[in-house]
1. Among B:Ala135, B:Ala209, which is the only one that is over 25 Å from A:Val57 (Cβ atoms) and within 22 Å of the chain's Cα centre (by Cα)?
2. With respect to the numbered conditions (1) free of Cβ contacts under 8 Å to residues at least 60 places away in the same chain; (2) surrounded by fewer than 21 Cβ atoms within 10 Å (Cβ to Cβ); (3) touching a Lys or Arg at 6+ places or on another chain (Cβ under 9 Å), which one is the sole condition not fulfilled by A:Lys146?
3. With the condition kept exactly as written, say whether any residue in segment B:58-67 is acidic (Asp, Glu) and either within 17 Å of the chain's Cα centre (by Cα) or away from every other protein chain (no Cβ under 13 Å) (or both).
4. Kindly establish whether B:Gly119 is within 12 Å of chain A (Cβ to nearest Cβ), more than 22 Å from the chain's Cα centre (by Cα) and closer than 29 Å to B:Ala60 by Cα.
5. Among the residues of segment B:97-120, write down those that are in contact (Cβ under 8 Å) with a residue 60 or more places away in the chain and more than 21 Å from A:Glu132 (Cα to Cα).
6. Of all the residues that make up segment B:15-38, how many are more than 14 Å from every other protein chain (Cβ to nearest Cβ), in a helix (DSSP H, G or I) and over 26 Å from B:Ala289 (Cβ atoms)?
7. So, B:Thr187, is that one under 24 Å from the mean Cα position of the chain (by Cα), part of a loop (DSSP other than H, G, I, E, B), surrounded by fewer than 12 Cβ atoms within 10 Å (Cβ to Cβ) and free of Cβ contacts under 8 Å to residues at least 40 places away in the same chain or not?
8. Check whether at least one residue in segment A:106-117 is closer than 29 Å to B:Lys149 by Cβ, out of contact with any Asp or Glu (no Cβ under 6 Å at 6 or more places or on another chain) and of a type in the set (Ser, Thr, Tyr), and report yes or no.
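The values are calculated or read from the model by the stated rules, or taken from the named source; none is laboratory data. What you see is a predicted model, and the numbers here were worked out from it, not measured in a lab. We place every Cβ from the backbone using ideal geometry, glycine too, and count neighbours over all the protein chains shown.
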Amino acid sequence: MTASSLKEQSPEIAARQSAMGILAKASAQDLAETWKNLSLEPNYTVIRPAEIGLVMVRGRAGGTGAPFNMCEATVTRCVIALDDGTTGFGQALGRDKQKVLQAALVDALWQQSEHRDLIETKVLQPLASTQEQAENETRAEVAATKVDFFTMVRGE
Amino acid sequence: MYVAVKGGEKAIRNAHKLMARDRRGDTSVPSLGLKQISEQLYLSVSRVMAEGSLFDAELAALGIKQSRGDLIEAAFLMRAYRTTLPRFGYSKPIDTAKMLIRRRISATYKDLPGGQLLGPTFDYTQRLLDFKLAADGEAPAPETQEFEKEEVVPRVTDLLNDEGLIEPDEPIAPDTPVGDITREPLTFPADRDLRLQNLARGDEGFLLALGYSTQRGFGRTHPFAGEIRLGEVEVDFFMEELGFEVPLGTMTVTECQMINQFQGSASAPPQFTRGYGLVPGQGERKVMAMALVDRSLRAEELGEEIDSPTQDQEFVLSHSDNVQATGFVEHLKLPHYVDFQSELELIRKVRKEWQEKREAAEQELVAEAAQ
């Protein structure tokens with residue numbers, strides 16, 4: 001089964017992927033701040049301590065053709081388990097162990113129905129809105145550099 | 001005869017200390033912070049990430065600081081560092097059509113969907129040294145403008161594909177293996193996946209010179225910059241333990257689609273063919289050169305005559321890596337005392353023989369003249 005067909009089958013997985021995406025994109029500082037504001041101190045055990053490694057990033061020839069290996073990127077990942085056995089996965093580009101540990105905790109709590117709303121409103125939404133704002137700012141700045149062509153009509 | 005020579009440890013230690021002092025420079029000037037390098041010298045950082053073949057701006061900044069700004073040395077440091085880390089696996093191929101675009105231009109279509117977005121560029125500047133920058137270096141806030149939220153920015157190469165005027169990317173079976181030159185040594189002939197990996201980490205100067213040579217007639221590429229785009233793309237990674245793909249965040253890439261004339265062959269109608277460039281970070285000159293060289297290296301596949309250096313994949317791919325090249329060139333300065341000693345002896349012997357032959361010939365001449 002491919003990942004994309006899994007995604008179609010399970011809105012739960014799609015929602016978790018989207019949460020993981022927000023956490024991975026967040027700056028370590030923003031994530032640490034929202035985590036602190038949450039004032040939750042769950043008990044957890046570290047299943048896989050935060051580890052720095054490499055992922056070979058692929059592109060496609062011509063943009064849509066055969067895959068090729070473009071370059072490696074540093075990635076940090078970590079797995080924790082809450083007391084009820086829920087496992088949380090944290091992973092992101094870069095080498096910040098604290099960030100992926102917090103991301104793993106958020107991922108685990110998000111899976112617990114009693115915490116999901118809190119995580120959504122106090123962590124994911126603020127982070128997503130910061131990211132959207134930054135993205136909109138970039139797009140507005142780039143839009144200002146869009147070329148408006150005009151044609152000079154000569155003669156009649 | 002093998003002669004082991006020891007010594008020089010103290011001299012080496014002291015030389016490194018002296019280098020560290022020189023690297024620090026005048027201590028009344030503040031030391032460079034890594035953030036200063038990664039924020040203010042991002043194009044150097046990009047080059048080190050591309051040629052070091054490792055996307056991590058902070059590490060590249062450290063490499064630049066440590067190497068005193070020698071970007072090849074910095075790339076070398078990146079390559080050495082990556083060998084200390086475990087490889088988690090391969091990402092899903094990034095989708096550059098879904099990029100958060102910061103620059104996108106086409107030299108082939110004026111009015112294309114999404115428009116010409118100049119973004120942060122040196123183009124159209126007059127290349128005059130800016131003494132205001134020397135004085136303070138503060139920048140004005142950029143202008144902003146309303147944008148269409150839903151606007152899509154299609155790839156230029158998709159635009160003409162309805163007519164079949166531009167060659168499409170060849171469809172590939174999903175589980176086709178992808179070559180990796182960090183795992184298997186390069187052998188020839190090399191397929192395009194291996195060539196593109198080699199070029200993506202290849203030296204910008206070398207590829208620039210080769211690309212330039214194709215434009216000047218050594219390989220005849222007749223290129224147009226179909227599209228250049230810069231921005232952030234998402235990187236997704238399949239996690240075995242979870243059984244689904246997880247996003248790892250975004251990375252900056254630059255991409256170039258070069259469009260080239262093609263006369264057609266027995267099997268293909270006349271159409272535009274393409275060369276492709278893609279690198280981590282912001283490296284516009286590099287992707288353009290890479291796309292020119294990629295197209296030239298497709299000569300055999302397209303049935304073109306191979307008569308120029310840039311069409312010769314063994315020549316190009318064996319010499320593009322500046323870490324390898326610098327290793328071999330710079331090893332010449334390491335002690336070769338014994339090698340040279342034996343050469344010295346050989347040349348003395350050969351000279352002696354040469355001299356003896358000459359003297360014998362002279363005597364013969366004298367004898368002939370006397371007769």
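1. Going through B:Ala135, B:Ala209 in turn, the sole match is B:Ala209.
2. Looking at each condition in turn, A:Lys146 falls short on (3).
3. no
4. yes
5. Once the filter is applied, which keeps residues that are in contact (Cβ under 8 Å) with a residue 60 or more places away in the chain and more than 21 Å from A:Glu132 (Cα to Cα), segment B:97-120 yields B:Ile105, B:Ser106, B:Ala107, B:Thr108.
6. Quick first cut of segment B:15-38, residues more than 14 Å from every other protein chain (Cβ to nearest Cβ) only: B:15-33, B:36-37.
If we keep only those that are in a helix (DSSP H, G or I) as well, we get B:15-24, B:36-37.
Narrowing further to those that are over 26 Å from B:Ala289 (Cβ atoms): B:15-24, B:36.
Adding up the residues that qualify gives 11.
7. Spelling it out, B:Thr187 is indeed under 24 Å from the mean Cα position of the chain (by Cα), part of a loop (DSSP other than H, G, I, E, B), surrounded by fewer than 12 Cβ atoms within 10 Å (Cβ to Cβ) and free of Cβ contacts under 8 Å to residues at least 40 places away in the same chain.
8. Within segment A:106-117, not a single residue is closer than 29 Å to B:Lys149 by Cβ, out of contact with any Asp or Glu (no Cβ under 6 Å at 6 or more places or on another chain) and of a type in the set (Ser, Thr, Tyr).
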